[in-house]
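Each value in this text was obtained by applying a stated rule to the coordinates, not by laboratory testing. Because the structure is predicted, anything quoted here is derived from the model rather than measured. Here Cβ is always computed from backbone atoms with ideal geometry, including for glycine, and neighbour counts include all displayed protein chains.
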C-alpha cells in the first residue's frame, strides 16, 4: 500500500482577521468578566450532573450476547467485574473500506485513550460495534486503539439499542448479576469523549465551523454534517496511521480513494 503523504493538512488559516489588540490590564479586565460566565456554566454543569445521578434506571437483560476477542460473551461479562460500564456504540458500514467508515465514531473513539482513571472509580469502558467482528477489529487495530472492543450480533441490536441508533453513549450499572441502563446521550452529548473540541473552544478562532457565532471575517471552513471530521476523503485521524505505515486492509474487496488499496 502506498502510504505517501497524499493528504495536505492546512498549514495556515490564511486570514487577516484578528482580535483587537489592547494593553494587558484591559485584556485581563475583559477576561475576568468572561470568567464569571464560565464559572456559572461550570456550576450549571455540576447541577446537571447531580440531576443525572438522581435519574431512575431501567433493567437490561444481562445475558445479551456479544462477540469479543475470545468469542461469545454476555453483557454481564463486559463489566469485567466492575460495578459500572460506559459503552460507545460505533456505527459500521459492512463491506466498505476504512476510508468509508463513520467519521464521527472515528473522531470520538480516537480520543478515548487512558482508562485507568475510569477503572479507579470501578468503571469499565467498551466499544460496541454494529459490524462483523473480523472487519471492525481490523479497523480498531489500524487506528491503534486499545479499548475493549465487541461486535453486536443482529439479534442483540434491538435489545441494546432499543429504538435508537448506533452513535450513542450509554451508561450501565451492575447490581450483582442484574444490569440497569442509567443514562444515554448522542449527537453533541458525545462531545465529552472529544477533548479536541474543548481545546478548540479555547482558541481565538474556535472550531471554525459554520454554525458558530464568530466575529465577521473569522475562519469558518467546516460544516457540521461530517466534513469537519474528514480530510481528503477519509476520517481525518486515518492519515497519520497511513503515514506511519499501518495497513487499512479490513478484509473487504473494495478500494479506498486516493489510490489506497483496501483488499484482502
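Observations, loosely collected:
- CD proxy at 222 nm, helix term only [per DSSP H run n ≥ 4: -39500 (n - 2.57); per residue of the chain; nearest 500]: -8000 deg cm²/dmol
- Peptides 95-101, 193-199 ranked from most to least packed by the mean count of surrounding Cβ atoms within 10 Å: 95-101, 193-199.
- For the pair residue 23 and residue 54, a Förster radius of 45 Å applied to the C-beta separation gives a FRET efficiency near 0.40, rounded to the nearest 0.05.
- Scaled radius of gyration (Cα, divided by 2.2 N^0.38 Å) that the chain gives: 1.16
- Ascending count of other beta-carbon atoms within 10 Å, so fewest first, for 107, 180: 180, 107
- Shape summary of segment 9-141, radius of gyration then Dmax from alpha carbon positions: 22.1, 64 Å.
- Shown is the FRET efficiency for residue 243 and residue 14, computed with R0 = 25 Å from the Cβ-Cβ distance and rounded to the nearest 0.05: 0.60.
- Highest average first, the peptides 71-84, 208-221 ordered by how many other beta carbon atoms sit within 10 Å of their residues are 71-84, 208-221.
- Available extension along the chain between residue 173 and residue 121 is 17.5 nm, counting 0.36 nm per residue and deducting the alpha carbon span.
- If you take the Cα centroid of segment 65-137 and the Cα centroid of segment 35-52, the two points sit 30 Å apart.
- Förster radius 45 Å - calculated FRET efficiency between residue 33 and residue 141 (Cβ-Cβ, nearest 0.05): 0.40
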